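A.B. asks: Following this message is one structure expressed as structure tokens.
The values are calculated or read from the model by the stated rules, or taken from the named source; none is laboratory data. Note that the coordinates shown come from a computational prediction; the quantities given were computed from them, not determined experimentally. Heads up, the Cβs are rebuilt from the backbone with ideal geometry, glycines too, and the neighbour counts pull from every protein chain shown. These area figures cover heavy atoms from the full protein model, side chains too; ligands, DNA and RNA do not enter into them. Shrake-Rupley method; radii C 1.70, N 1.55, O 1.52, S 1.80 Å.
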Amino acid sequence: MWRPRVLRTANFRLALSYAAVFGLSVFLLGMIVFFGVRASLEQQLRGEIDAEIGQILMDYRDDGLEELSHDIRERIDANPARRLHYYMQSPDGRVVFDPLRAIPTPDGWHTVRVRVEGGKGAKTSVLLRALTLDGGYKLAVAADLSLLHEAERAIRQAFGWAFLFTLVAGAVGGLWIGQRFLAQVDEITRAADRIGKGDVTGRLPSLGTGDDLDQLAAVINRMLDRIHQLLESVRQVGTSIAHDLRTPLGHLRQKLEAMREDSVTPERRKVLLDEASRQLDAILETFSSLLRIAEVESGSRRAGFETVCLSDILESLVEVYQPVAEDNGQRLSANIHPALQMRGDRGLLTQLFANLVENALRHSGPGSAIHLGLDVSDGGFAATVSDTGPGIDAAEYENVFKPFYRLDASRTRQGSGLGMSLVAAIASLHGLSLSLGDNRPGLKVTVTGERLASRPCH
């Protein structure tokens, strides 16, 4: 059976559920008010009847039955439009006042139907209290329940309309909320469909209300921004790979073709083979670096984080690279705060700072001074790798960490242009911040992050 789409939405069913709950609440409230008011009015009538019986019994005890009858007659004559009714019945069944078909035999409280005076057969209910007097006489004092019944009808009518209004308002509200919800969902669906067809520049709409759908759209839009950035990065990396590997692959093919010539001497063939092997090694190193960066950016290494001593890592790098610096005619110095610990992957952190030191050794030139420092602050640290080489222009700072980016646009120097990209990926994995600055002269790279504690490293 066909049903409008809005009737099939979970949001509309939830709105109807709310309407049912509110309707039930109104119904229960009406029942509580109904029985509360009824009990209160009935208790008030009982109090009036008890007070009236107490007064006429006082006369009866003082002066007997004749005085009781006289007192009741005076009360009836004094207030013809009375609310209270008086019934007296002799032992032989004769009714003395206000004829009643029969006073209930048991003494106590009763509710009975009586004929209304002048009402042409109409009847009403009364609440009476019956008691037996000396000599077998029965006395009853009653109050008309018509006012109580009118109050009951008014309460039932009021809460009946309130119950109906609650159900109608809940249904209409559910339809309105469902239509509004569906309109926004339809917009999100259309935008998602465009994105699914390849338009990654599209974004989910936001109404600016800050509700759950807006928050969901904001999260998905941030995810799409990240996907777009990754796609652009992949496109850029693919272009860079094609550009950087086309020349060495072409040279490799030329050397292989040259080795196939019959006129090539064994010595020349060996030279060509060695050059081809070096070019293959450089190509494999490039792909290994790309795989390394992809592994780091995936975040899979984060699961193996542990407490590592950053001070020990930097001190070991100083020991390893000081002889290298001396061989290059350079000087490597260090000022490292001891026993600084952080959470991370020891191998990746070693790779990060080793790349920075190697980059300084490679580009600062002979006679330069390289300094490795580690300072602490409140809850954090700052590690620096600085040199006194030619440095780089400040406009190039943002480009240094891009894959395959080289300051040497002619590609005459060795290298893949991926070393600093790997540094950026490792720093991002560890939540570290990278910044470049002028060392006056030279370049200064600063790595900042949070430390755990300064205590003896094991």
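A.B. asks: So how far apart, in nm, are the two label points at N399 and R153 if each is 7 Å from Cα heading toward Cβ?
C.D. replies: Distance between the two pseudo-spin positions: 9.3 nm.
A.B. asks: Using Cα positions and a limit of under 24 Å, work out the lysines in reach of K270, with same-chain residues fewer than 8 apart set aside.
C.D. replies: Within reach: K255.
A.B. asks: Next question. For the pair E42 and S17, what calculated FRET efficiency results from E = 1/(1 + (r/R0)^6), where r is the Cβ-Cβ distance and R0 = 30 Å, to the nearest 0.05?
C.D. replies: After rounding to 0.05, the efficiency reads 0.20.
A.B. asks: Sticking with this structure for a sec: Pop the C-beta distance of E232 and R302 into the FRET formula with R0 = 35 Å and round what comes out to the nearest 0.05. Walk me through the intermediate numbers first.
C.D. replies: Values: r = 24 Å, r/R0 = 0.69.
Result of the calculation: an efficiency of 0.90.
A.B. asks: For an R0 of 22 angstrom, estimate the FRET efficiency from the Cβ-Cβ distance between R61 and S90 and round to the nearest 0.05.
C.D. replies: Using R0 = 22 Å, I get an efficiency of 0.70.
A.B. asks: Quote to one decimal, in nm, the extra length available between L29 and V271 on full extension: 0.36 nm per residue of separation minus the C-alpha distance between them. Walk me through the intermediate numbers first.
C.D. replies: Numbers: separation 242, 0.36 × 242 = 87.12 nm, distance 9.92 nm.
Here the segment from L29 to V271 would lengthen by 77.2 nm.
A.B. asks: Now, a different point. What does the extension gain come out to for D327 and I392, with contour length at 0.36 nm per residue minus their alpha carbon separation? Working shown, then result.
C.D. replies: On the way: separation 65, 0.36 × 65 = 23.40 nm, distance 2.42 nm.
Between D327 and I392, full extension yields 21.0 nm more.
A.B. asks: For M223, what accessible surface area do you get with a 1.4 Å probe? Give it in Å², rounded to 10.
C.D. replies: Roll a 1.4 Å probe over it and M223 shows about 100 Å².
A.B. asks: Can you give the accessible area of H70 in Å² (nearest 10), computed on protein heavy atoms with a 1.4 Å probe?
C.D. replies: Estimated to the nearest 10 Å², H70 gives 90 Å².
A.B. asks: Please compute the modelled spin-label separation between V185 and L167, points set 7 Å along Cα→Cβ, answer in nm with one decimal.
C.D. replies: Calculated label separation equals 2.6 nm.
A.B. asks: Could you compute how much accessible surface Y321 exposes when probed at 1.4 Å, giving the result in Å² to the nearest 10?
C.D. replies: Counting only protein heavy atoms, Y321 exposes about 30 Å² to solvent.
A.B. asks: Could you run the Karplus curve 6.51 cos²θ - 1.76 cosθ + 1.60 with θ = phi - 60° over the range 307-322 and give me ³J(HN,Hα) per residue in whole Hz, x for Gly and Pro?
C.D. replies: Per residue, the Karplus-derived 3J(HN,Hα) values read 6, 10, 9, 5, 4, 5, 4, 5, 5, 5, 5, 4, 5, 6, 8, 4 Hz.
A.B. asks: What ranking, highest mean first, results for peptides 337-344, 192-199 when packing means the other Cβ atoms within 10 Å averaged over each residue?
C.D. replies: Values: 337-344: 18.6, 192-199: 11.8.
The most tightly packed comes first, giving 337-344, 192-199.
A.B. asks: Right, something else. Along the Cα→Cβ direction, 7 angstrom out, place labels at L249 and D107. What is the inter-label distance in nm?
C.D. replies: Roughly 11.7 nm, to one decimal.
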